[in-house]
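Scroll down for the structure; my scribbles are underneath it.
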Amino acid sequence: MHPNPAFRQTATAEAIAMARARSFGILSVNGPDGPLAAHIPFDLAADGGLALLHLARSNPIARAVLPSPALLAVSGPDAYVSPDWYGADDQVPTWNYTAVHLRGVLEPLGPEALLPHLDAVSAHMEGQLAPKAPWTTAKMTQSAMERLMRMILPFRLVIRGIDSTVKLNQNKTHAQRAGAAAGIAASPIGLDAAGIAALMQRE
């Protein structure tokens, strides 16, 4: 997380909302030969205390010694910022972004937790595709669903800490930030750079 306090003033409730809206991140634990990481969807509780997730049986994290300390890093939009856009001298390039880090303990769950978890994750994402009728696991044949479920395992991350960074040039003047937002909107470089520009324009 960026150490500048100007970028770390996000309320915990807002950080939780950011992570729940994204519902996809990088799970990391310490392995015997170094850090292990997996890109995963997850279901975060409304109070931010628990994240449910699943991993392929073949994933090294699924075979790690658990429970284990873990980090789930959730990235939001990001964008490159050219110093020319500030309209001021002695500026340098930077990158604006939003991110939430969920720290806690990763624990395995029993097989009975898998189907409810899959239903919750798919319902969360499918619910955003209206007016499309949501896909559900009920559309699968029992044999196909059972075969696929044998390939994955359920876990939970018991969250002990939530950190977030919303870096939107808060350390610049209003005019400099407006210039940077306009530059990003006109020449976007990054993941959902337009999203960063919109966030900057709302500040």
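The numbers here are math on the coordinates, done by the rules we state, and not lab data. Everything quoted here is computed from the prediction, not taken from an experiment. Cβ sites come from the backbone with ideal geometry, for glycine too, and all protein chains shown count toward neighbours.
Results, tabulated for the structure shown:
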| quantity | calculated |
| --- | --- |
| Strands (runs of 3 or more DSSP E) (entirely within the range 64-174) containing at least 3 residues that are within 23 Å of N30 (Cα to Cα), in contact with a Ser or Thr (Cβ under 9 Å, 6 or more places away or on another chain) and not β-branched (V, I, T) | 68-81, 94-108 |
| Residues being touching a Lys or Arg at 6+ places or on another chain (Cβ under 6 Å), under 15 Å from K172 (Cβ atoms) and of a type in the set (D, E, K, R) - total across the range 69-123 | 0 |
| Residue within the range 41-56 that is without any contact (Cβ under 8 Å) to a residue 24 or more places away in the chain and surrounded by fewer than 14 Cβ atoms within 10 Å (Cβ to Cβ) present | yes |
| Total residues in the range 45-63, condition outside any strand (DSSP E or B) and among the aliphatic types (A, V, I, L, M) | 4 |
| Residue in the range 26-47 that is within 30 Å of P111 (Cα to Cα) and among the hydroxyl-bearing types (S, T, Y) present | yes |
| In the range 2-35, residue farthest from the chain's Cα centre (by Cα) [restricted to those that are surrounded by 12 or more Cβ atoms within 10 Å (Cβ to Cβ) and in a strand (DSSP E or B)] | G31 |
| Selection within the range 150-184 - surrounded by fewer than 20 Cβ atoms within 10 Å (Cβ to Cβ), touching a strand residue (DSSP E or B) at 6+ places or on another chain (Cβ under 9 Å) and over 25 Å from A11 (Cβ atoms) | M151, I152 |
| Residue match in the range 46-66 (condition: touching a helix residue (DSSP H, G or I) at 6+ places or on another chain (Cβ under 6 Å) and acidic (D, E)) | no |
